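Visitor: Dropping a structure here in C-alpha cells format, bear with me for questions.
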Amino acid sequence: MGDVNPDGIREPKGGLGESTRALRAGLPEPVQFQPPFPGPVFTSHYHLAGDPTGPYTYGRDENPTWSLLERATAELESPADPGAQALVFGSGMAAVSAVLFSQLRAGDAVVLPSDGYQALPLVRDQLTAYGIEVRTAPTGGCGDAQRALLDGARLLWLETPSNPGLDVCDIRALAEAAHAQGVRVAVDNTLATPLGQRPLDLGADFSVAAATKGLTGHGDLLLGYVTSRDAALLEPVRRWRKIVGAIPGPMEAWLAHRSLATLELRHARQCANALALAEALSARAEVSGLRYPGLPGDPSYAIAVRQMRRFGSVVSFTLDSRARAERFLAALRLVDEATSFGGVRSTAERRGRWGGDAVAEGFIRFSVGAEDPQDLVRDVLRALEVSSA
Ligand SMILES: *Cc1c(COP(=O)(O)O)cnc(C)c1O
C-alpha cells in the first residue's frame, strides 16, 4: 500500500522509518472536510440495490473499519511488498484457527510446536478429531526437530519466539526446507510484532498474530489477523471467517487501528525496558533459567539477531519455588499480577498456575511495559529482596 504525495502519485511506504509508517499505516486518502482518521462504522448491512456485488454487502463479510485496519496491518507486516493482504478476526485464536482449519483437510498432516501458545493443545485435539495428523516438536535448537517432521506434511506452524519459553527457530531456513517439500509455512508473530520480525520477508506464506497483545498494547481488546502475499492462499481463510463468523466488532477494529499510531513508541520503550530488566536479573543469584532473546549469551540470541529487528517485551525466569514466586509477585508495586503480555503497563504471572505449559513451579513470565526503566528495575529488585525471606 502507498501514500499519496502532493502529485497524487502512490509511493511505497517501505522507505519510511518505522514510527512514520506506524503513524500513517492504513490511513485513507484525504477527502476534503472528512476526518483524517474516520470513526468506526457500525452497521450490519449496507445500501445494496440490484445485484449484490461488493465492496460492502453484509456486515459479516466486510466493514470499512476493518478494511483500513487490514491495510495498516498488511503495510506493517510487509512494507516492501504492496501485494500483501490482511484479514482481521475477533481474536488471535480466531485467526490461528482460521488458517489451520481452512488449509487442512482430513488425511493431511500438520507440524505444530510442542512449546507454543497454551491453546494449541486444544486445537490439536480438534484437528485430530477431524482426521488431521498432528506432529509436534519443540522450537529450540534452530527448529531442527520441526524440520525432521516435514515429510508428507501440508503445513508447518511456527511460533517464534515461543510463548512462554522464548525459544527461537530459524524461519528462513525452515521455510526453505518446507517449500522444497511442498509444505506451506505459517508463523505466529504475536510476541515479536511486525516491528520485531517480518515472517513474510523471511519466506513464510502466512504471518498470523494476536493483535490482543503488543500490537495494540493497551490490554483493552481482543483481535487477531492473518497476512499473506498470496491472495489465492488467503481466499479460503476469508471464506472460513465468513462461515464461522469469527469477526471483530467495528469498535475493537477502530481502537486497534488507533493504537497503531503509538506502536513504535511503545515498542521501542518496552523492548529497551525488557533488555534493562533482563540485564538486571542476570546479576541475581536467586534467578535461574533467565531468558530474553536480545540478551547476549541467551540460547536464542544467535538466530534472534539475524532474523529479528527487536527482541520483544517478554522476559522469563525461574525462582526456586512456587511460594517464592508468589511472594515475589505479591511484593511488586508497579507490576500487576495478570496474564497476557505486550501491554504498556507491566504484568507478570506464575505461568504454572494454568497447567499445560511444561514450566517449573517458580517460572515467571514477565511482560515489560513502558514505565521509566529505573522505576521498573528498582521495583523488581526490591520485590526480589523482600520475597527472599
Ligand atoms: C495470546 C496468544 C494467542 C491467542 O490470542 P487471543 O487474542 O487470546 O485469542 C495466540 N498466539 C500467541 C503466541 C499468543 O500469545
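The values are calculated or read from the model by the stated rules, or taken from the named source; none is laboratory data. If you're wondering where the values come from, they're calculated on a predicted model, not measured in any experiment. Glycine gets a Cβ as well: all are built from the backbone with ideal geometry, and neighbour counts include every protein chain shown.
Visitor: For region 369-382, name all the residues that are buried (at least 19 other Cβ atoms within 10 Å of the Cβ) and under 13 Å from residue 280 (Cα atoms).
Guide: Scanning region 369-382 gives 376, 380.
Visitor: With the structure loaded, tell me whether residue 201 is charged (D, E, K, R) and modelled with pLDDT of 95 or more or whether it fails that test.
Guide: Numbers: charged (D, E, K, R): yes; modelled with pLDDT of 95 or more: yes.
Spelling it out, residue 201 is indeed charged (D, E, K, R) and modelled with pLDDT of 95 or more.
Visitor: Would you mind stating whether residue 128 is surrounded by fewer than 24 Cβ atoms within 10 Å (Cβ to Cβ) and either on the phi < 0 side of the Ramachandran plot or under 21 Å from the mean Cα position of the chain (by Cα) (or both)? Step through it out loud before you land on a result.
Guide: Values: surrounded by fewer than 24 Cβ atoms within 10 Å (Cβ to Cβ): yes; either on the phi < 0 side of the Ramachandran plot or under 21 Å from the mean Cα position of the chain (by Cα) (or both): yes.
So residue 128 fits the description; yes.
Visitor: Before we move on, is residue 261 farther than 25 Å from residue 158 by Cβ and at pLDDT 95 or above? Walk me through how you get there before you give the answer.
Guide: Values: farther than 25 Å from residue 158 by Cβ: yes; at pLDDT 95 or above: yes.
So residue 261 passes the test.
Visitor: If we scan region 241-255, do we find a residue that is closer than 17 Å to residue 191 by Cα, surrounded by 15 or more Cβ atoms within 10 Å (Cβ to Cβ), touching a residue at least 60 places away in the same chain (Cβ under 8 Å) and within 16 Å of the ligand (Cβ to nearest atom)? Walk me through how you get there before you give the answer.
Guide: First, the residues of region 241-255 that are closer than 17 Å to residue 191 by Cα: none.
No, because not a single residue in region 241-255 is closer than 17 Å to residue 191 by Cα, surrounded by 15 or more Cβ atoms within 10 Å (Cβ to Cβ), touching a residue at least 60 places away in the same chain (Cβ under 8 Å) and within 16 Å of the ligand (Cβ to nearest atom).
Visitor: Could you please let me know if residue 106 is under 30 Å from residue 295 (Cβ atoms) and more than 12 Å from the ligand (Cβ to nearest atom)? Can you show your working first?
Guide: On the way: under 30 Å from residue 295 (Cβ atoms): no; more than 12 Å from the ligand (Cβ to nearest atom): yes.
Answer is no for this residue.
Visitor: Does residue 358 fit the bill of being closer than 20 Å to residue 163 by Cα and buried (at least 19 other Cβ atoms within 10 Å of the Cβ)? Can you show your working first?
Guide: Details: closer than 20 Å to residue 163 by Cα: yes; buried (at least 19 other Cβ atoms within 10 Å of the Cβ): no.
It is false that residue 358 is closer than 20 Å to residue 163 by Cα and buried (at least 19 other Cβ atoms within 10 Å of the Cβ).
Visitor: Turning to a different aspect of this structure: Determine which single condition residue 73 fails, assuming it passes every other condition in (1) closer than 15 Å to residue 236 by Cα; (2) within 16 Å of the ligand (Cβ to nearest atom).
Guide: The number of the failed condition is (1).
Visitor: Could I ask something else about it? Any residue that is hydroxyl-bearing (Ser, Thr, Tyr), farther than 20 Å from residue 178 by Cα and surrounded by fewer than 20 Cβ atoms within 10 Å (Cβ to Cβ) - is there at least one of those in region 64-78?
Guide: First, the residues of region 64-78 that are hydroxyl-bearing (Ser, Thr, Tyr): 65, 67, 73, 78.
Then keep just the ones that are farther than 20 Å from residue 178 by Cα; that gives 65, 67, 73, 78.
Then drop every residue that is not surrounded by fewer than 20 Cβ atoms within 10 Å (Cβ to Cβ), which leaves 67.
Yes: region 64-78 contains one or more residues that are hydroxyl-bearing (Ser, Thr, Tyr), farther than 20 Å from residue 178 by Cα and surrounded by fewer than 20 Cβ atoms within 10 Å (Cβ to Cβ).
Visitor: When you scan region 119-133, how many residues do you find that are away from the ligand (no atom under 16 Å from the Cβ) and either part of a strand (DSSP E or B) or touching a residue at least 24 places away in the same chain (Cβ under 8 Å) (or both)? Can you show your working first?
Guide: First, pick out the residues of region 119-133 that are away from the ligand (no atom under 16 Å from the Cβ): 125, 128-133.
Then drop every residue that is not either part of a strand (DSSP E or B) or touching a residue at least 24 places away in the same chain (Cβ under 8 Å) (or both), which leaves 130-133.
Qualifying residue count for the region: 4.
Visitor: Next question. Considering (1) within 22 Å of residue 363 (Cβ to Cβ); (2) in contact with a helix residue (DSSP H, G or I) (Cβ under 7 Å, 6 or more places away or on another chain), say which one residue 207 fails and leave the rest.
Guide: Single failed check for residue 207: (1).
Visitor: Something else: Can you tell me which residue within region 45-98, out of those that are part of a strand (DSSP E or B) and in contact (Cβ under 8 Å) with a residue 24 or more places away in the chain, is farthest from residue 202 (Cα to Cα)? Working first, answer last.
Guide: Step one: list which residues in region 45-98 are part of a strand (DSSP E or B), which gives 45, 58, 85-89.
Okay, now just the ones that are also in contact (Cβ under 8 Å) with a residue 24 or more places away in the chain, so 85-89.
Values: 85: 16, 86: 17, 87: 20, 88: 22, 89: 24 Å.
Filtering region 45-98 for residues that are part of a strand (DSSP E or B) and in contact (Cβ under 8 Å) with a residue 24 or more places away in the chain, the one farthest from residue 202 (Cα to Cα) comes out as 89.
Visitor: Run residue 285 past the list (1) without any contact (Cβ under 8 Å) to a residue 24 or more places away in the chain; (2) in a strand (DSSP E or B) and report the number of the one that doesn't hold.
Guide: Of everything listed in (1) without any contact (Cβ under 8 Å) to a residue 24 or more places away in the chain; (2) in a strand (DSSP E or B), residue 285 misses just condition (2).
Visitor: Return the residues of region 100-157 that are polar (S, T, N, Q) and touching a Pro at 6+ places or on another chain (Cβ under 8 Å); say none if nothing qualifies. Can you show your working first?
Guide: So in region 100-157, the residues polar (S, T, N, Q) come out as 102-103, 114, 118, 126, 128, 136, 139, 146.
Within region 100-157, 102, 103, 114, 136, 139, 146 qualify.
Visitor: Okay, next question. Please pick out the residue among 137, 98 that is in contact with a Phe, Trp or Tyr (Cβ under 6 Å, 6 or more places away or on another chain), crowded, with 19+ Cβ neighbours inside 10 Å and at pLDDT 95 or above. Give the steps one after another, and end with the answer.
Guide: Numbers: 137 fails: in contact with a Phe, Trp or Tyr (Cβ under 6 Å, 6 or more places away or on another chain).
Exactly one of 137, 98 is in contact with a Phe, Trp or Tyr (Cβ under 6 Å, 6 or more places away or on another chain), crowded, with 19+ Cβ neighbours inside 10 Å and at pLDDT 95 or above, namely 98.
Visitor: A further question follows. Quick check, is residue 348 without any contact (Cβ under 8 Å) to a residue 40 or more places away in the chain and either under 16 Å from residue 191 (Cβ atoms) or touching a Gly at 6+ places or on another chain (Cβ under 6 Å) (or both)? Can you show your working first?
Guide: Values: without any contact (Cβ under 8 Å) to a residue 40 or more places away in the chain: yes; either under 16 Å from residue 191 (Cβ atoms) or touching a Gly at 6+ places or on another chain (Cβ under 6 Å) (or both): yes.
Yes.
Visitor: Residue 354 fails exactly one of the following numbered conditions: (1) within 20 Å of residue 139 (Cβ to Cβ); (2) out of contact with any Pro (no Cβ under 6 Å at 6 or more places or on another chain); (3) modelled with pLDDT of 95 or more. What is the number of that condition?
Guide: (3)
Visitor: What about residue 26, is it assigned to a loop (DSSP other than H, G, I, E, B), small (Gly, Ala, Ser) and modelled with pLDDT under 95? Please lay out each step first, then the result.
Guide: Values: assigned to a loop (DSSP other than H, G, I, E, B): yes; small (Gly, Ala, Ser): yes; modelled with pLDDT under 95: no.
When the stated conditions are applied, residue 26 does not pass them.
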